[in-house]
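Read the structure below first, then the notes.
Bear in mind that the values in this text are calculations on the coordinates, not laboratory data. Everything numeric in this text was worked out from a predicted model, so none of it was measured. Counting neighbours? That spans all protein chains shown, and the Cβs are built from the backbone with ideal geometry, glycine included.
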Amino acid sequence: MAQLGELKATARPRAGKGAARQARREGKVPGVIYGDGKPPETIVIDYNDLWKQVLKGHFTSTVFDVEVDGKKNCVLPRELQVDPVKDLPIHVDFMRIGKDGRIRVEVAVRFINEALSPGLKRGGVLNIVRHDIEVTCPYDKIPPYFEVDLAGLDIGRSVHISAVKLPEGVETVIKGRDFTIATIAGSASWMPAAAIASPPCTSTKMRARPSRGGNRAMSRDNDVRKPTGRPCAASGVPAMTAPRASGCITAVTIAARTDSAASWGPTRVMRAWYAV
């Protein structure tokens with residue numbers, strides 16, 4: 001059985017912004033307890049007591065016994081609002097839990113045996129898809145975390161939820177799918193040079209056709225232009241033998257823009273590209 005946290009609170013007779021601000025000025029944090037078919041109850045909690053529980057971690061997945069004027073309530077924190085500048089708690093919501101009730105929580109994932117993974121040793125990168133897994137379980141059997149073993153995983157391998165042993169009574173919210181938790185991907189330093197090099201420009205085939213305004217536009221064709229070796233006077237780029245272009249237009253356009261003034265537009269670059 002999971003150990004329950006303890007908090008002491010005081011009933012707050014008035015609700016609203018005014019009462020909440022007054023409680024903060026007194027060094028307390030306003031909150032509310034709701035659920036289990038009972039009316040909501042407004043409370044205030046000492047700031048230091050609440051902040052100590054938050055610093056322990058896993059605050060929203062820990063069950064607490066909140067004592068309000070001598071009456072205990074078994075609750076689960078559902079939302080903790082913090083100041084946008086100071087990042088300190090300003091309001092907290094608790095949900096009541098029935099003795100036989102199941103709850104829906106997110107449980108953190110921990111990875112172990114990174115040093116025993118061949119993929120990570122070869123320079124691979126651990127790509128974490130899910131840092132938390134949402135499950136349903138009894139309120140007194142919340143797992144503190146799930147462990148994922150990376151031993152023996154090479155580059156290109158992945159870890160799925162089926163590889164995680166779930167405690168008794170714990171079920172994932174996502175059903176009917178063996179979803180991925182993490183993968184080991186290869187980094188750029190690990191990939192061979194042949195795979196990193198850019199492929200030759202041989203795919204797109206285009207030709208020139210006149211358009212309105214005297215400019216040239218591009219359309220598809222089956223012929224390929226080949227450089228003559230004579231540089232164009234305007235851009236210094238090798239000119240082409242026929243009024244048809246291939247995928248080399250990209251490299252030619254980049255060279256013309258690099259060697260020319262920044263004020264050149266696409267029309268000027270195209271005219272230089274067709275000059276012989």
TODO: List the residues whose amide H sits under 5 Å from the amide H of Val129, counting only those 5 or more places along or on another chain, with H placed 1.01 Å from N in the peptide plane.
DONE: Ala182, Thr183
TODO: Mind checking region 11-47 for trypsin sites (Lys or Arg not before Pro) that DSSP puts in a loop (not H, G, I, E or B) and that have at most 14 other Cβ atoms within 10 Å?
DONE: Arg14
Task: Student exercise, region 1-148 dipole from Lys, Arg, Asp, Glu Cβ charges, in Debye to nearest 20 - done: 260
TODO: With r as the distance between the Cβ atoms of His91 and Phe111 and R0 = 30 Å, compute the FRET efficiency 1/(1 + (r/R0)^6) and round to 0.05.
DONE: 0.35
Open item on the list: Let me check I've understood the local charge: for Val125, count other residues with C-beta under 14 angstrom from its C-beta, Lys and Arg +1, Asp and Glu -1. What total comes out?
Closed with: +1
- [ ] Using the structure shown, select from Lys56/Lys121; Lys52/Lys141; Lys71/Lys141 the pairs with a Cα to Cα distance greater than 27 angstrom.
- [x] Lys56/Lys121
- [ ] Would you tally the net charge around Thr180, using a Cβ to Cβ cut-off of less than 12 Å, leaving Thr180 out, and scoring K and R as +1, D and E as -1?
- [x] +2
Task: Straight-distance crosslink candidates among aspartates and glutamates, where the alpha carbon sits under 17 Å from Lys8 and sequence neighbours closer than 8 are dropped - done: Glu26, Glu41, Asp46, Asp49, Asp65, Glu67, Asp69, Asp93
Task: Potential extension, Lys175-Arg102 segment - 0.36 nm per residue separation minus Cα distance - done: 24.6 nm
- [ ] Measure off 7 Å from each Cα along the Cα-to-Cβ vector at His131 and Asn48, then give the distance between these two points in nanometres to one decimal.
- [x] 3.1
TODO: May I ask for log10 I(q)/I(0) of region 81-131 at q = 0.26 Å⁻¹, from a Debye sum over the Cα atoms as equal point scatterers with solvent left out?
DONE: -1.05
TODO: Go ahead and run the numbers for FRET between Glu67 and Lys38, Cβ-Cβ distance against an R0 of 22 Å, rounding to 0.05.
DONE: 0.85
Open item on the list: Charges at C-beta only: +1 for Lys and Arg, -1 for Asp and Glu. How large is the resulting dipole of region 103-193 about its Cα centre, in Debye rounded to 20?
Closed with: 240
Open item on the list: If I model a spin label at Thr10 and Ser158 as a point 7 Å from the Cα along the Cα→Cβ vector, what separation in nanometres do I get?
Closed with: 5.4
